[in-house]
2 protein chains.
Amino acid sequence: MTLYVNLADLLGSRIESGFYRPGDRLPSVRALSVEHGVSLSTVQQAYRMLEDNGLASPKPKSGYFVPAGRKAPALPAVGRPAQRPVDISQWDQVLELATATPDPKVIQLARGMPDITSPTLRPLTQALGKISRRMDMPGLYYDNIYGTKALRDQVARLLLDSGTNVGPDDLVITTGAQEALSVSIRSVCEPGDIVAVDSPSFHGAMQALKGLGMKALEIPTDPITGISIEALGLALEQWPIKLIQLTPNCNNPLGYIMPEERKRALLTLAQRYDVAIIEDDVYGDIAYTYPRPRTIKSFDQDGRVLLCSSFSKTLAPGLRVGWVAPGRYLDRALHMKYISTGSTATQPQLAIAEFLKDGHYEPHMRRMRAQYQRSRDQMTDWVTRYFPESTRISRPQGGFMLWVELPEDFDAQRLNRVLHGQGVQIAVGSIFSASGKYRNCLRMNFAAKPTAAIEEAVRKVGAAVAALMIQTD
Amino acid sequence: MTLYVNLADLLGSRIESGFYRPGDRLPSVRALSVEHGVSLSTVQQAYRMLEDNGLASPKPKSGYFVPAGRKAPALPAVGRPAQRPVDISQWDQVLELATATPDPKVIQLARGMPDITSPTLRPLTQALGKISRRMDMPGLYYDNIYGTKALRDQVARLLLDSGTNVGPDDLVITTGAQEALSVSIRSVCEPGDIVAVDSPSFHGAMQALKGLGMKALEIPTDPITGISIEALGLALEQWPIKLIQLTPNCNNPLGYIMPEERKRALLTLAQRYDVAIIEDDVYGDIAYTYPRPRTIKSFDQDGRVLLCSSFSKTLAPGLRVGWVAPGRYLDRALHMKYISTGSTATQPQLAIAEFLKDGHYEPHMRRMRAQYQRSRDQMTDWVTRYFPESTRISRPQGGFMLWVELPEDFDAQRLNRVLHGQGVQIAVGSIFSASGKYRNCLRMNFAAKPTAAIEEAVRKVGAAVAALMIQTD
């Protein structure tokens, strides 16, 4: 990704969010050049790109303006969650999602499944096959509780891309990021503890809090800059919070990347109140910009950040290989890992280690990043076209999930029931809230390459949304 | 396994336990025929076998007697654990075990590793390879939260061998039996609850109790008949016990199989006090007798037994595929499984399902059962020969673990440190107690086919034991 595309993307999302309104003058080329430390011609290229997309129009001698007549969906509103710690609900709807099995008759837009059909994944299945054929059958042995050393070496190397400096012995391989999250929570908290979460937030992490007996305090989140540092500061002042749990990079479900200065500010807050941070980075390597954004962990000096991630979104979820860099909580994390699953399946670890060592990860990610960004644009177009005009949609900066917000009285669960008979599945927004908020929202997966069948599915969802909105009126 | 071998085994273990003492008259052929419902000639065959093994000698017209001068190791003493619920310790020593990596220079007698070199396992690695080569890559998809249906079908069929009647939808596939145990404990208990455990008991289950904040109440266990129903009854009367956790079949570490009537008695107690039972059956299919012993679950009418098992001991631990039949706790178990790992790795499940479906499991187990029984006899011989005379050893009825008890002031941890420099590893007894008892005991793995190198390792352990005993004197 080149500099001018990044800049165009940033300006584009500010325009789409309504930060710059139709008719507004946009920042001058010189001002942007200074602000972002790029050349004048880079800014000019960015503006030309915005012009091509109908987001900016030049006026001679006056600079660039937001076109007066443009029609683009607004960004989702800032979350306005509960103001006190709550017991987490919504398990029934999460269970519905978790019991879904692949069905060729259903267009599955609900789950967090990446596209696994790329030929750049082929060396991975070849590695799996090769290990199966080895006469000494290394895949059948118990693994070390830390995880296969060859894989930890590779993960440590990979983490350097996000500025994260941890050694192989600072890492524990887990059965997917879900185990990393669960192990991390139990390494820090006791039942009854209060955990601050970004809102909306990943349902798997919240259900883990529920299952382990913690209370969630949902912190408002901006669809561009992420969790509100201001609201978090107030919450830390008011409540005995033990842990902050969030997804700062390519957030699930909102798709934003927290700016670096806000990551630093969050860490400073955590230090001041001496709380731990669980940072979920599963989509971090799928940021559309390169180099990928830094982790909060990369700024962490005193080991209070537990970085959780996996290969489920970058390679394939069926492998169930994730990891945690638990910082100062390593000893406790090892105990929690041990009682949770003993060790992680050996063969997938060996295969991934080989895939990484042989240099197949970077080309695969390069390809997937570009594909997902194109799919985002296509999905955005379709939703803009097929959904009612009042629909608000997110502007993901990475990953493959779109967040769609409908008018406040809309009921996405009713929508899902209607869609059930039509061969389409979406994820209802309420599972992303500890307290069942976001009932008027839904999350749609755009990982697969756009096809006519997917367009038809999105059209069906849009039509069903419109029909339900008329009924509600 | 034929009837007469079973009978000889039973009588042999009673002789070795000291139930029949040197010089005692053994039961008449007719009495045994009536008691066990077998023919007279079967009993006679059994006695001839005992005679061959030096455990019985005939006196004309008087029947069979225990030879006066016989020297055989005594069974371990009955456990005499703490009489009150305790917080569980010993994590440091368990961690030492869990961090052990395969090392060709070390004879590893510590871990619960089966022999995976049998050619009867070959179809399993072939199935893994075949799935890797499929173009539709089924191993890469998220699995259903219950686990792959094809595998649950096969596990349900397999369970019929133990009299256990559960359907595929009563089963949840887990990442090894460790996850099954952890999920089960959390499905029944809250932190602070008291759990009754057999003592000695599997360290993984006890560490799970520790990590989840429960207290363990260790119940004395007989080396032939298992957990003391009498002591358990008293404990249930005295303490607010929520759960009983035990391994009734081919117990780890003692190797006994609880008689059926005691399994029923235990279930009756559980009903009377309305407590749940977690039944760990990982070694159940490796009972040396066929058909394999019944599970407690097979007698369960009201869904209070959570049956936990895996393919880690029967096939290979690196696959990390286990299961739980959680009975009435199914809903909660699904939630706990979800937050623990989301789902289990897909490819190993598919491969095992194929291995079972194609009929490879039974021939493999037939072979392994016979091999492990021969290895038990060989290992028993070696320990009898190379360890000091006061050594007591278990008489496993299945599995591949031998329990060795040394005089009370012996320190197995010191032994392990001595052995560290000699290329041998054993498991120290204290990890099998919640309160650090059994320091004078050790557990040795006899899964591998006996070799001169293993004999030499056992000789080294015996010599080190003898040397430490002299130092202690």
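The values are calculated or read from the model by the stated rules, or taken from the named source; none is laboratory data. Keep in mind it's a predicted model, so treat the numbers as computed, not measured. In this analysis, Cβ positions are derived from the backbone assuming ideal geometry, glycine residues included, and neighbour counts consider all displayed protein chains.
State whether one or more residues within the range B:239-258 are in a helix (DSSP H, G or I) and not assigned by TED's automatic domain parsing to the domain that holds B:Ser375.
The answer is no, given that none of the residues of the range B:239-258 is in a helix (DSSP H, G or I) and not assigned by TED's automatic domain parsing to the domain that holds B:Ser375.
Can you find a residue that is within 14 Å of chain B (Cβ to nearest Cβ) and either buried (at least 24 other Cβ atoms within 10 Å of the Cβ) or in contact with a Leu (Cβ under 7 Å, 6 or more places away or on another chain) (or both) anywhere in the range A:413-428?
Scanning the range A:413-428 turns up at least one residue that is within 14 Å of chain B (Cβ to nearest Cβ) and either buried (at least 24 other Cβ atoms within 10 Å of the Cβ) or in contact with a Leu (Cβ under 7 Å, 6 or more places away or on another chain) (or both).
Need pairs with beta-carbon distance below 7 Å; first residue surrounded by fewer than 23 Cβ atoms within 10 Å (Cβ to Cβ) and polar (S, T, N, Q) and within the range A:112-134, second in a helix (DSSP H, G or I) and modelled with pLDDT of 95 or more; sequence gap 6+ or separate chains.
A:Ser118/A:His364; A:Ser118/A:Arg367; A:Ser118/A:Met368; A:Thr120/A:Pro363; A:Thr120/A:His364; A:Thr120/A:Arg367
Any chance you could count how many residues in the range A:189-216 are more than 12 Å from chain B (Cβ to nearest Cβ) and buried (at least 24 other Cβ atoms within 10 Å of the Cβ)?
Residues that pass the stated criteria total 8.
Determine whether A:Glu261 is part of a helix (DSSP H, G or I) and either within 14 Å of chain B (Cβ to nearest Cβ) or closer than 28 Å to A:Ser430 by Cα (or both).
Answer is no for this residue.
With the requirement that a residue be more than 8 Å from every other protein chain (Cβ to nearest Cβ), of a type in the set (Asp, Glu) and in a loop (DSSP other than H, G, I, E, B), what does the range A:98-154 give you?
A:Asp103, A:Asp115, A:Asp136
I'd like the full set of residues that are of a type in the set (Gly, Ala, Ser) and under 18 Å from A:Val305 (Cα atoms), limited to the range A:268-291.
A:Ala270, A:Ala276, A:Gly284
Filter the range A:430-439 for residues that are buried (at least 20 other Cβ atoms within 10 Å of the Cβ) and of a type outside the set (Ser, Thr, Tyr); which is farthest from A:Pro76 (Cα to Cα)?
The qualifying residue farthest from A:Pro76 (Cα to Cα) is A:Ala434.
How many of the residues making up the range B:155-174 are aliphatic (A, V, I, L, M) and not in a helix (DSSP H, G or I)?
Result for the range B:155-174: 4.
For the range B:70-127, enumerate the residues that are of a type in the set (Lys, Arg) and either modelled with pLDDT under 90 or within 20 Å of the chain's Cα centre (by Cα) (or both).
Selection gives B:Arg70, B:Lys71, B:Arg80, B:Arg84, B:Lys105, B:Arg111.
Do you know which residues across the range B:175-227 are among the polar types (S, T, N, Q) and outside any strand (DSSP E or B)?
Residues satisfying the conditions are B:Thr175, B:Gln178, B:Ser182, B:Ser184, B:Ser187, B:Ser201, B:Gln207, B:Thr225.
Given the structure, is B:Arg294 in contact with an Asp or Glu (Cβ under 7 Å, 6 or more places away or on another chain) and surrounded by fewer than 21 Cβ atoms within 10 Å (Cβ to Cβ)?
yes
Among the candidates B:Ala270, B:Ala265, single out the residue that is without any contact (Cβ under 8 Å) to a residue 60 or more places away in the chain, hydrophobic (A, V, I, L, M, F, W, C) and out of contact with any strand residue (DSSP E or B) (no Cβ under 9 Å at 6 or more places or on another chain).
Testing whether each residue is without any contact (Cβ under 8 Å) to a residue 60 or more places away in the chain, hydrophobic (A, V, I, L, M, F, W, C) and out of contact with any strand residue (DSSP E or B) (no Cβ under 9 Å at 6 or more places or on another chain) leaves just B:Ala265.
Which numbered condition trips up A:Val183, out of (1) crowded, with 24+ Cβ neighbours inside 10 Å; (2) away from chain B (no Cβ under 14 Å)?
(2)
Identify all residues within the range A:155-180 that are surrounded by 20 or more Cβ atoms within 10 Å (Cβ to Cβ) and more than 22 Å from A:Lys263 (Cβ to Cβ); write none if there are none.
Listed by number, the residues that qualify are A:Val172, A:Ile173, A:Thr174, A:Thr175, A:Gly176, A:Gln178, A:Glu179.
Given the structure, is B:Gly176 within 11 Å of chain A (Cβ to nearest Cβ), without any contact (Cβ under 8 Å) to a residue 40 or more places away in the chain and in contact with a strand residue (DSSP E or B) (Cβ under 8 Å, 6 or more places away or on another chain)?
The answer is no for B:Gly176.
For B:Arg439, indicate whether it is assigned to a loop (DSSP other than H, G, I, E, B), farther than 30 Å from B:Leu124 by Cα, under 17 Å from the mean Cα position of the chain (by Cα) and not assigned by TED's automatic domain parsing to the domain that holds B:Pro138.
When the stated conditions are applied, B:Arg439 does not pass them.
Quick one: is B:Gly342 modelled with pLDDT under 95 and on the phi > 0 side of the Ramachandran plot?
Yes.
Do we have A:Arg459 as modelled with pLDDT of 95 or more, crowded, with 21+ Cβ neighbours inside 10 Å and basic (Lys, Arg) here?
Judged against the criteria, A:Arg459 is not a match.
Hey, could you check the range B:313-355 for residues that are surrounded by 24 or more Cβ atoms within 10 Å (Cβ to Cβ) and without any contact (Cβ under 8 Å) to a residue 12 or more places away in the chain and say which is nearest to the chain's Cα centre (by Cα)?
Ranking the candidates gives B:Gly318 first.
Output yes when any residue across the range B:381-400 is touching a strand residue (DSSP E or B) at 6+ places or on another chain (Cβ under 7 Å), assigned by TED's automatic domain parsing to the domain that holds B:Asp153 and surrounded by fewer than 24 Cβ atoms within 10 Å (Cβ to Cβ), and no when none is.
no
Out of (1) in a loop (DSSP other than H, G, I, E, B); (2) in contact with a Leu (Cβ under 7 Å, 6 or more places away or on another chain); (3) farther than 16 Å from A:Thr289 by Cβ; (4) not polar (S, T, N, Q), the odd one out for A:Leu75 is which?
Here A:Leu75 meets the rest and fails (2).
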